[in-house]
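Take a look at the structure below.
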Amino acid sequence: MWYIDIKAYDLALNNLVEKNEITGDTAAKYLSCIRQIYNHMGERVDIKTLNSFFIDKLNDDRQFSQFLSAVRKYETCVLKQAGAILNGQPYMELVHHFKEISHKETAAGSGVTNETIFKKINAIRNEKLKLAFRLQYRSGLRVKEISELTKDDISFYNDGKIKIHVKCGKGGQARSVNVQADKYLYDHLKEFTVKSEGGRLFYSRSYLKQKAAEYGFESHDLRRINAKNRLQCEMSGGKKLREAKKVVQKEFGHKTIATTEIYLKE
């Protein structure tokens, strides 16, 4: 059970706008989302009731993502505790349910496709953020692996290829990942790393996940998309299905092919 304090949230958002951490438009959207929750449920809200409210928003993936982002921001700015509301299995069940419906709508021609997600990434004005998402789209790296990259982890070759050296992937495993061809990414990422003063190149995992939600997709969607794109590329190059799956498994750092197949079926 938690309580909505509209005034406190409004003040917190205005403070973030003054610090240039979010835009005025984003603040207005977040406040509108919380007001709608308040108007629908009143001052006191529990996770079960909130989940039911979110399910009503499933017909619009971007709207759903905005509401999640608004609640996350309320957690950190007003409750001073990330995960205070959207914590544990109920939230994960809601996300999985949302993704299941989203995939069905896509199959039915809703227009939410890999192409539209790529267009959303290209429309991002923040070059650092755009490069992070575009690299994840072309490499299939986990969002945690993207957030931990340094300039020394990326190799650029004269033939236009990029290779990522993941020092500590899931389970502490290191691996090398071949980035799918992308001239824009090659040119701009190379320039970006040259100008980098050292340290991590991109934003934190939590920030990347938050911004992805604001743009109407999940950062992990980019990994799923890459798995399917890689499979198609490998098969187009002459590999049989089993061989192509093995390549994806290696690039993704999966211990078993069964895990890889989950990504290819989603």
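The values are calculated or read from the model by the stated rules, or taken from the named source; none is laboratory data. Note that the coordinates shown come from a computational prediction; the quantities given were computed from them, not determined experimentally. So basically every Cβ, Gly included, is an ideal-geometry build from the backbone, and we count neighbours across all protein chains shown.
Out of Phe217, Phe252, report the one residue that is within 24 Å of Thr26 (Cβ to Cβ) and in contact (Cβ under 8 Å) with a residue 40 or more places away in the chain.
Phe217
When residues in segment 136-194 are screened for being of a type in the set (S, T, N, Q) and surrounded by 16 or more Cβ atoms within 10 Å (Cβ to Cβ), 6 of them pass. In this structure, is Thr193 more than 17 Å from the chain's Cα centre (by Cα), modelled with pLDDT under 90 and on the phi < 0 side of the Ramachandran plot? In short, no.
Every condition in (1) in a helix (DSSP H, G or I); (2) modelled with pLDDT of 95 or more is met by Ser102 except one, and the failing one is (2).
Regarding segment 250-261, can at least one residue be identified that is loosely packed, with under 15 Cβ neighbours inside 10 Å, at pLDDT below 95, outside any loop (DSSP other than H, G, I, E, B) and in contact with a Phe, Trp or Tyr (Cβ under 9 Å, 6 or more places away or on another chain)? For segment 250-261, residues loosely packed, with under 15 Cβ neighbours inside 10 Å, at pLDDT below 95, outside any loop (DSSP other than H, G, I, E, B) and in contact with a Phe, Trp or Tyr (Cβ under 9 Å, 6 or more places away or on another chain): present.
The residues of segment 236-256 that are hydrophobic (A, V, I, L, M, F, W, C) and farther than 16 Å from Arg223 by Cα, listed by number, are Leu241, Ala244. Exactly one residue out of Lys209, Lys245, Lys239, Lys163 is part of a strand (DSSP E or B) and among the basic types (Lys, Arg), and it is Lys163.
Filtering segment 138-160 to residues that are assigned to a loop (DSSP other than H, G, I, E, B) and of a type in the set (D, E, K, R) leaves Arg142, Glu148, Asp159.
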